[in-house]
1. When both residues are 6+ apart or on different chains and their Cβ atoms are under 8 Å apart, which pairs have a first residue that lies in the range 409-424 and is outside the structural domain of Trp555 (by TED's automatic domain parsing) and touching a residue at least 12 places away in the same chain (Cβ under 8 Å), and a second that is surrounded by fewer than 24 Cβ atoms within 10 Å (Cβ to Cβ) and among the basic types (Lys, Arg)?
2. Residues that are among the polar types (S, T, N, Q), at least 1 per element: which helices (runs of 4 or more DSSP H) completely within the range 288-386 meet that?
3. So which residues in the range 244-266 are within 16 Å of the ligand (Cβ to nearest atom) and either farther than 22 Å from Glu161 by Cα or surrounded by fewer than 24 Cβ atoms within 10 Å (Cβ to Cβ) (or both)?
4. Can you confirm whether the range 673-696 contains a residue that is aromatic (Phe, Trp, Tyr) and either in contact with a Ser or Thr (Cβ under 9 Å, 6 or more places away or on another chain) or in the same structural domain as Ala112 (by TED's automatic domain parsing) (or both)?
5. Any residue in the range 557-569 that is over 19 Å from Leu111 (Cα atoms), surrounded by fewer than 23 Cβ atoms within 10 Å (Cβ to Cβ) and not charged (D, E, K, R)?
6. Can you tell me how many residues in the range 68-83 are away from the ligand (no atom under 16 Å from the Cβ), touching a residue at least 12 places away in the same chain (Cβ under 8 Å) and more than 17 Å from Lys339 (Cα to Cα)?
7. Tell me, please, whether a residue that is at pLDDT 95 or above and more than 16 Å from the ligand (Cβ to nearest atom) can be found in the range 60-67.
8. Could you check the range 267-296 and list, in sequence order, the residues that are under 23 Å from the mean Cα position of the chain (by Cα) and surrounded by fewer than 24 Cβ atoms within 10 Å (Cβ to Cβ)?
Amino acid sequence: MTENAAAGPRIEQLLADLTTKEKVGQLIQYFYFSIPAGAEGVDPFMARQPQAVEAALAEGSVGSLLFVTDPEQTNRLQKQAIEGSVHGIPLLFGFDVIHGLRTIFPVPIALAASWDADTIERAQAVAAKEARAVGIHWAFAPMVDIARDPRWGRIIEGAGEDPLLASVVAAAQVRGFQGSELGAPDHIVAGPKHFAGYGAALGGRDYDEVDLSDQEFWNTYLPPFKAAIDAGAGNIMSAYMDLNGVPASGNHWLLTEVLRDELGFEGFVVTDANAAKDLQTHHFAADAADAAVRALNAGVDMEMGVFQPAFETLVAAVDDGRVSAARLDEAVRRVLVVKEKLGLFEQPYVDVQESVRVLADTGHRDESQRAAERSAVLLRNEGVLLPLSAESLTKVAVLGPLAGSKRDTIGPWVFDFDLDETVTVVDGIRERLAGTASVTYEQGVAEPKRTFPSMFEAFGDSSPSAPADFDADAAFTRAVEAAADADVAVIVLGEQQDMIGENASRSDLSLPGDQQKLLEAAVATGTPIVLLLMNGRPLDVRWAAQNVPAILDIWYPGTRGGSAVAALLFGDAAPAGKLPFTWPRSVGQVPIHHAATRSHAPDAQGKRYWDEESTPLFPFGHGLTYTSFEYSEVRVDRDGSGVNDTVTVSVNVTNAGDRDGVEVAQLYLHQRFGTSSRPLRQLKAFRRVEVAAGATQTVTFEVTPEERRYWSAAPHDWVLDATVFDVWVGGSADADAHAEFTVAVDA
Ligand code: GLC
């Protein structure tokens, strides 16, 4: 439950004093792009935006701004707002602090792959500290949308396919951003998004409609939002798309009956960019005024406006009663309460010198490297090629355009980074092998490019491209020769950072461009190959999974990505990440996930297509390390428990190798009968454990009634069945250490 419900006397007095126009102003957030006058190729509206915003500031008609990250700028605009408002009300500055501000952390799907709440919390606490130092008060994060279709580019921004993992990650991010309470020093408001169901876009096409069954909504897509709200999130962002035919940002059932009445959210709701005005685009609202009224009355409190927001029409709607004074005050109160909680009435400005120190803190970069080392997922390690022995190498080849690309190493959704301090994979390997082995870097192929441009190109941000005179044949030859001449070749393949993220859905999962050709030629040289994947979605690596001995998913590893990768390659650190999604063999299997129910002809469930297996290439929760673990003696206490009892499950985890290691032990549950058919395997608990070489550790899980409860389409309600459960514990959704237990109605 959020803490920002109660408003003190200052807020109530303001509500009594503010005019309707001033109140409406508090509900409008504007983009503020400080664009140099006459900037080349800038859309006219964007060029006019700063003037329009500054005029509104002078009238005290702005509640919040986004896209301001320079502390001198935030101070200047804050001063304008306070002096422009008769009541001296400060601005709330929001921004997309998704995986770091100046220090860039691994992308969110990578952080989720650590399955390590502590690491995730620490990462977002650093991001919050840097953001607050420059005058940003609020992050449009965490993105908690469940994603089960990897064609959807925003899979990279969330925590994958599973509601339990996504809930743990969401709560950890909220704690990291907000600290112990809303308004804590060096912390900012967390704004989970996009409420709700956005990740189920038809065909994986970003922004497109979502049709969700009740059971999918309540059992799969909503739980991470509940976890974020229960962790105290101060804001929620409403989504762009239609949910079952009603746009999320004009959906009273979603924004009031579910968000307020069911989940008890008491913070404020902001729309996604332009999503109130956009209700006209959905052919839902008749005009901007209708859009504003219906968004506010549905439960939106603030509109994130791109240009001439619909909420500018609200004064008339209040005057003629289409919006009640009570509803207006309720929205304004929620916004002002957050400003008061953050202490902005007392201290609205930041210390610019202090912000320089905070942003330069190398301890933040160390945190980023630590997170990158914990996020990598070792998919394959045939013949234990990894870790490499640095001492035994004299020549190492590093191949692929992504290996040397600073911009791609830090991934999408970053704006305030310092590219010069970004460590690429080739930088990291060179640094690690300095003085002991020669490192040859050849990109080998031209950077593959999108067919349609990225939305971020308008901001001048895009991945590198090969020069017009790039000699593809010569580059390819040099790369193959370098591989042939080396003791080992490390090849970095994947998608450029602008091929994934918002407005970056894809109809295919293959390695773009000529990367596969480069991989096959490198393997054909006979040199041992280590494949590093730089990605945010599962890619079609069927060939590599058969022909490349070592495959390590490094994601977009952030500012110190190359240093983390080198530490992992040479054994200074060991990968311990686990997949947060099911990895399909090909796009034809999509959607695919681990929590499928049992159906007709169950023995053929792995052969539903006649042309391809219907099992995944790698299962949800999969990830290897530099030792091996064995699971035994799964035991249940309190067999025959009552429906309202917690069942304790224990398992022995043995490190069967000769190196200490970390394992994420996962518990999967299945009920054999009951009110609904339930998934054969559903993640219901996990624990990240360190086990010394040769040692055995007992890991204990509690399976609570809450974890066994689910929404059923039979009674159209929540149920808790008395039934028999199978429980499996292991290192992925393919876990096979098994036990069973009975839950009786009134044991
Ligand atoms: C974007 C995204 C949202 C982001 C917002 C502000 O369109 O959908 O996630 O926070 O606009 O940049």
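The values are calculated or read from the model by the stated rules, or taken from the named source; none is laboratory data. Computed from a predicted model, the values in this text were never measured in an experiment. Neighbour counts are summed over all protein chains in view; Cβ atoms, including those assigned to glycine, are modelled from backbone coordinates with ideal geometry.
1. The qualifying pairs do not exist here.
2. Values: elements: 288-298, 314-319, 325-341, 352-359, 362-375.
Ranges flagged: 288-298, 352-359, 362-375.
3. Those that are within 16 Å of the ligand (Cβ to nearest atom) and either farther than 22 Å from Glu161 by Cα or surrounded by fewer than 24 Cβ atoms within 10 Å (Cβ to Cβ) (or both): Pro247, Ser249.
4. Let us first name the residues in the range 673-696 that are aromatic (Phe, Trp, Tyr), namely 673, 686.
From what is left, the residues that are either in contact with a Ser or Thr (Cβ under 9 Å, 6 or more places away or on another chain) or in the same structural domain as Ala112 (by TED's automatic domain parsing) (or both) are 673.
So far as the range 673-696 goes, yes, one or more of its residues are aromatic (Phe, Trp, Tyr) and either in contact with a Ser or Thr (Cβ under 9 Å, 6 or more places away or on another chain) or in the same structural domain as Ala112 (by TED's automatic domain parsing) (or both).
5. Checked the range 557-569: no residue is over 19 Å from Leu111 (Cα atoms), surrounded by fewer than 23 Cβ atoms within 10 Å (Cβ to Cβ) and not charged (D, E, K, R).
6. Within the range 68-83, residues that are away from the ligand (no atom under 16 Å from the Cβ), touching a residue at least 12 places away in the same chain (Cβ under 8 Å) and more than 17 Å from Lys339 (Cα to Cα) number 4.
7. Yes, the conditions are met somewhere in the range 60-67.
8. Asp272, Ala273, Asn274
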